[in-house]
Amino acid sequence: MKILVYPTDLIIGGSQINAIDLAARTAAAGHEVMIYGRPGPLVDYIRGKGLRYIEANDLHYRPAPQRIAQLRDLARRESIDLIHAYEWPSCLDAYLGAGILGKVPVVCTVLSMSVSPFVPASLPLVMGTADLADEAQAMRPGPVWTLEPPIDTELDNPDIDGSAFRRKLALQPGEELIVSVSRLAVDLKLDALVRAIDAVDLLSVRHRLRLALVGGGQAAAALANRAAQVNTRHGREVVTLAGEEFDPRPAYAAADIVVGMGSSSLRAMSMARPVVVQGEDGFSEIFCPETLPLFMRQGFYGLGESEPSARKLADQLAVLIEDKALRERLATFGRQCVEERFSLEQASQRLLAIYETAAVARPGYRWSETAQVCWRALMQEVHNHEPARKRRQRQREETLLSAAALGAWPPAELARP
């Protein structure tokens with residue numbers, strides 16, 4: 001088959017890297033695979049995998065008329081057999097451009113933590129968790145599959161040397177290293193990052209440890225300010241913003257404990273590191289045999305009760321800091337789980353089966369459905385660009401960043417009731 005893979009964009013992120021890694025495995029299985037997307041740091045990663053890259057128009061509207069036209073023309077010119085798009089904006093572009101106009105089968109993957117109303121109900125859909133797949137199947141007639149974020153267990157292995165990263169941080173003898181590899185973003189990430197800093201602040205009274213935040217993003221300055229206050233309070237480097245790493249494997253390998261969510265948690269487990277999985281509103285749980293069923297249903301993420309403290313996370317980290325034997329058992333258990341359930345090889349085989357099913361099925365696209373999703377997307381885009389909404393959004397982000405930099409967390413005016 002000739003397959004076009006369309007990530008939502010090509011910034012450094014778990015969803016995008018998963019899409020490229022799966023595309024490379026699909027190509028290795030004998031299919032012709034191209035990557036289409038807006039330019040970004042991952043273009044070199046695509047080319048390094050030996051895949052052809054096709055640059056998409058950079059218009060930021062969703063859906064984007066120019067990309068819809070590009071996809072229509074591209075599908076005809078290249079005789080595309082199937083398009084695999086990631087997240088709803090890309091899915092809608094592909095559906096309108098090549099699906100409706102070109103009758104090309106489109107498969108949509110949504111790794112967001114909700115079922116999007118902007119994905120056409122007839123479109124074959126891949127969700128990242130079993131819970132979300134069940135929810136989607138109850139709402140729509142089209143086929144739904146579950147495919148968790150895949151991990152390249154050969155690339156992310158326990159033998160990677162993290163000593164250079166530990167030297168870079170100038171760790172002292174006996175100092176434990178906690179690592180978070182994450183975009184330093186406001187949405188989805190900021191709550192977990194602030195609570196990680198606050199938890200280490202609490203623990204540093206009686207433990208010699210360091211938290212390294214690996215990543216970049218709009219919240220970097222606010223987090224650096226909070227980290228500086230913690231470091232001043234303890235008279236030593238407790239929190240380090242290590243910056244963005246295109247290859248974060250040495251950071252994972254250097255860690256005694258990893259905190260994170262999604263594919264970052266899985267990569268750490270693949271490298272045999274004990275993990276505390278975070279989410280939003282204060283969610284955190286140690287990954288262990290007792291919590292495995294929870295994560296298998298809801299994914300490596302969760303929503304907490306918005307507790308006004310990092311004490312829960314601090315207590316979980318303390319359990320791991322004080323019990324090295326437990327850390328070793330959980331590291332072995334995590335590596336085994338990734339090999340058995342989340343390996344890239346297994347995921348690529350399941351994805352190929354999805355492609356074969358979607359390619360032979362006659363696309364059931366309907367104009368009534370098209371009108372419905374286009375109207376919803378148009379109304380959402382109008383809403384997104386309302387001046388009053390933009391002001392509220394800016395005020396919310398400013399409130400969050402200000403609290404992350406200086407104040408109590410979470411900010412009282414934005415805390416969930």
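Observations on the structure shown:
- In a fully extended conformation the segment linking Ile11 and Ala138 would gain 42.5 nm over its present Cα-Cα distance, using 0.36 nm per residue.
- Expressed per residue, the C-alpha convex hull volume of segment 232-325 stands at 131 Å³.
- All alpha carbon pair distances within segment 177-308 were sorted into 5 Å bins beginning at 0; the resulting P(r) in whole percents reads 2, 11, 22, 23, 23, 13, 5, 1, 0.
- DSSP bridge orientation in the chain - percent antiparallel, rounded to nearest 5: 5 percent
- Accessible area in the full protein assembly, largest first, 1.4 Å probe, for Phe118, Phe295: Phe118, Phe295
- Counted residue by residue at 0.36 nm each, then reduced by the alpha carbon distance between them, the extension gain from Ile160 to Arg233 reaches 22.9 nm.
- Lys/Arg +1, Asp/Glu -1 at C-beta; the chain dipole; positive extreme among Thr109, Pro39, Ala64: Ala64
- Distance from segment 228-272 to segment 10-83 (C-alpha centre basis), Å: 30 Å
- Interchain or long-range residues, amide H under 5 Å from Thr109's placed H: Ala85, Tyr86, Glu87, Val126
- Arg206 accessible area, assembled protein chains, probe 1.4 Å, Å²: 140 Å²
- Once both labels are positioned 7 Å from their Cα atoms along Cα-to-Cβ, the gap between Ala28 and Glu339 label points is 1.7 nm.
- Out-of-range pairs (alpha-carbon distance over 29 Å; input Lys189/Lys390; Lys168/Lys324; Lys49/Lys324; Lys103/Lys390): Lys49/Lys324; Lys103/Lys390
- The residue list Ile354, Pro411, Gly282 was ranked by how far each Cα lies along the charge dipole of the chain toward its positive end, using unit charges on Cβ atoms, and Pro411 comes out on top.
- On the principal axes of its alpha carbon atoms, segment 170-244 extends 34, 19, 16 Å, with the longest extent given first.
- Local electrostatic count at Thr129 - Lys and Arg +1, Asp and Glu -1, tallied over other residues with Cβ under 11 Å: -3
- Charged-residue dipole, Cβ positions (Lys, Arg, Asp, Glu), the chain about Cα centre, Debye nearest 20: 740 debye
- Across the options Gln336, Met261, Gly299, the greatest Cα extent toward the positive end of the charge dipole of segment 255-339 (unit charges at beta carbon of Lys, Arg, Asp, Glu) belongs to Gln336.
- Amide proton proximity set for Ile54, modelled H, under 5 Å, gap of 5+: Ile35, Tyr36, Gly37
- Cysteines, the chain, no other Cys beta-carbon under 4.7 Å: Cys288, Cys337, Cys374
- Think of each Lys and Arg Cβ as +1 and each Asp and Glu Cβ as -1; about the Cα centre, that makes the dipole of segment 205-288 roughly 400 debye.
- Around Gly243: net Lys/Arg minus Asp/Glu count, Cβ-Cβ under 14 Å: -1
- Charge tally in the Cβ shell below 14 Å around Ala192, where Lys, Arg are +1 and Asp, Glu are -1, Ala192 excluded: -2
- Spread over its residues, the convex hull of the C-alpha atoms of segment 69-192 is 189 Å³ per residue.
- Around the Cα centre of segment 60-161, unit charges on the Cβ atoms of Lys, Arg, Asp and Glu (plus for the first two, minus for the last two) sum to a dipole of about 1020 debye.
- Solvent exposure ordering (accessible area, 1.4 Å, most first) of Arg233, Arg67: Arg233, Arg67
- Placing a pseudo-label 7 Å from each Cα along the Cα-to-Cβ vector at Gln395 and Leu303 gives an inter-label distance of 2.3 nm.
- Rh by Kirkwood over Cα pairs, then Stokes-Einstein D for the chain at 1.306 mPa s and 10 °C, µm²/s: 71 µm²/s
- Size descriptors for segment 263-417: radius of gyration and Dmax over Cα atoms are 21.7, 61 Å.
- Val205 versus Asp315: modelled label distance in nm, points set 7 Å from Cα along the beta carbon direction: 1.5 nm
- The simple Förster model, with R0 at 22 Å and r as the Cβ-Cβ distance, assigns Ala361 and Lys2 a FRET efficiency of 0.80.
- Ordered from largest to smallest accessible area (heavy atoms of protein chains, 1.4 Å probe), the residues Thr129, Thr332, Thr232 come out as Thr232, Thr332, Thr129.
The values are calculated or read from the model by the stated rules, or taken from the named source; none is laboratory data. Note that the structure is a prediction, hence the values are computed from the model and not measured. Please note: Cβ atoms are built from the backbone with ideal geometry, for glycine as well, and neighbour counts cover all protein chains shown. Protein only, heavy atoms only, side chains kept; ligands, DNA and RNA dropped before computing areas. Shrake-Rupley method; radii C 1.70, N 1.55, O 1.52, S 1.80 Å.
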